[in-house]
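The structure under discussion appears below in the form of structure tokens.
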Amino acid sequence: MSGFRLSQGIIVVLVAGLLNACEQPQAQVKVVQISSVKATGELVAATSFKASPPSVSQLWQYNIKELAPESSLLKAGEVVVGFDSQTIAEQLETKTVELQSARQELANRLQQDEQRFEELKLELAERKMEFERDQRKADITDHSRSANDRRKARIDFTIASNQYDLAKSRLEFHQQQRKAQAEMLQSKISRLSSEVEQFSDEINRMRVTAPFAGMVIYVADYQGEKSSVGDTVQFGQPIAEISQLDTLYVKAEIDEIDVKRLQLGQKVQIQLDALPERSFSGTLTSLGVAVRDKSVENLSRVVDAQVKFDALDTGLLRPGMSARLSIQPLAASSKPATLPAKTGDAAP
């Protein structure tokens, strides 16, 4: 009987222990969700062309005569911007007249020189004939002639010889002078031809054409103003930019503290302010190695990055659109990006 009671006591103790254990609070597992990296950026074209006034001799200010509408799509070879070329056209007209005059002068000179050449050849032939005739007379040893006749024959031969030499010198000098004058006129014609070609080329370059198909985006000056027809601009000032739409990508700025969470190939969700109803996907394709200030006013440290669209819709996407990015977090086994020991200076 006492053994039975002992067994009951042990059972009661075990049951109480189990009930006490069940009453202990369970351990709570805290799940930490890694947030995505947020960034901003804008759409830019990898292939673009800036149209600006061409380099023209003695011209520093340019008046816009024609300008393709902003956001218009141009084909390769179509005019982006055209500048007034009246001044160059006047110079071209002047040089063209001078060139025609120089060519006519050369033609007249060649004709005159040829005529003079024939005259000098005829004169030389006559002097040669006189020289040979007087030479024969001077060589005659006829003692029946008087001393005066023989002396006169020698004098005539001397004169004929001198005249013959003079005729040869005249012809030789004429040939030299003829060549020099022709070369001088040819040089003048070459110079004028070069100037005419230069002015013609400058007139053609005053109409800046698109090197490839793309969209026209006006470029603002340092005051934030965009140019229009009738405005006067300075040499080298960009007027418009042609962006090739099939090369659009997102140029983003990543906060320095988020770079360690990124690596190339990460998927990116792209939201455009201009198309809030649409969402696009992309891939992180480039991550800068230099850290810089976000801007002159904003000294937040950022790193430049590039995001490529997975599916580029050129019918909707436009250069300059603002973008908000959400970059998916790294997996636990992924290797994050690292920054160099020394970072770059601020960029405006």
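No value in this document is a laboratory result; all are computed from the given coordinates. All values derive from a computational prediction rather than experimental measurement. Glycine also receives a Cβ, built like all others from the backbone with ideal geometry; neighbour counts cover every protein chain displayed.
A few notes on this one:
- For the stretch 87-205, the number of Lys pairs with C-alpha atoms closer than 30 Å, counting only pairs eight or more positions apart or on separate chains, is 16.
- Label-point gap, in nm, between A76 and D255 - each point 7 angstrom along Cα→Cβ: 4.5 nm
- Computed FRET value (nearest 0.05) for S300 with A180, which takes r as the C-beta separation and R₀ as 56 Å: 0.15
- Rg/Rh ratio calculated on Cα atoms of the stretch 87-205 (Kirkwood radius): 1.42
- Partner lysines for K226 [C-alpha distance under 25 Å; skip if fewer than 8 residues away on the same chain]: K50, K65, K75, K251, K294
- Rounded to 0.05, the FRET efficiency of the E118 and R191 pair, given R0 = 45 Å and the Cβ-Cβ distance, is 0.90.
- Neighbourhood charge, 12 Å Cβ-Cβ cut-off, centred on D313 and excluding it, Lys, Arg +1 and Asp, Glu -1: 0
- Shape summary: the stretch 182-308 maps onto an equivalent ellipsoid whose semi-axes, from the alpha-carbon gyration tensor, are 47, 18, 18 Å in decreasing order.
- Here the alpha carbons of the stretch 225-271 define both size measures, Rg and Dmax, at 18.6, 52 Å.
- Pairwise Cα inverse-distance average, inverted: Kirkwood Rh of the stretch 141-222 (Å): 20.3 Å
- Note on the stretch 87-205: with charges restricted to the Cβ of Lys and Arg (+1) and Asp and Glu (-1), its dipole about the Cα centre is near 860 debye.
- Values of log10 I(q)/I(0), in the order q = 0.14, 0.19, 0.26, 0.33 Å⁻¹, for the stretch 260-305 under a Debye, Cα-only, solvent-free model: -0.50, -0.80, -0.93, -1.05
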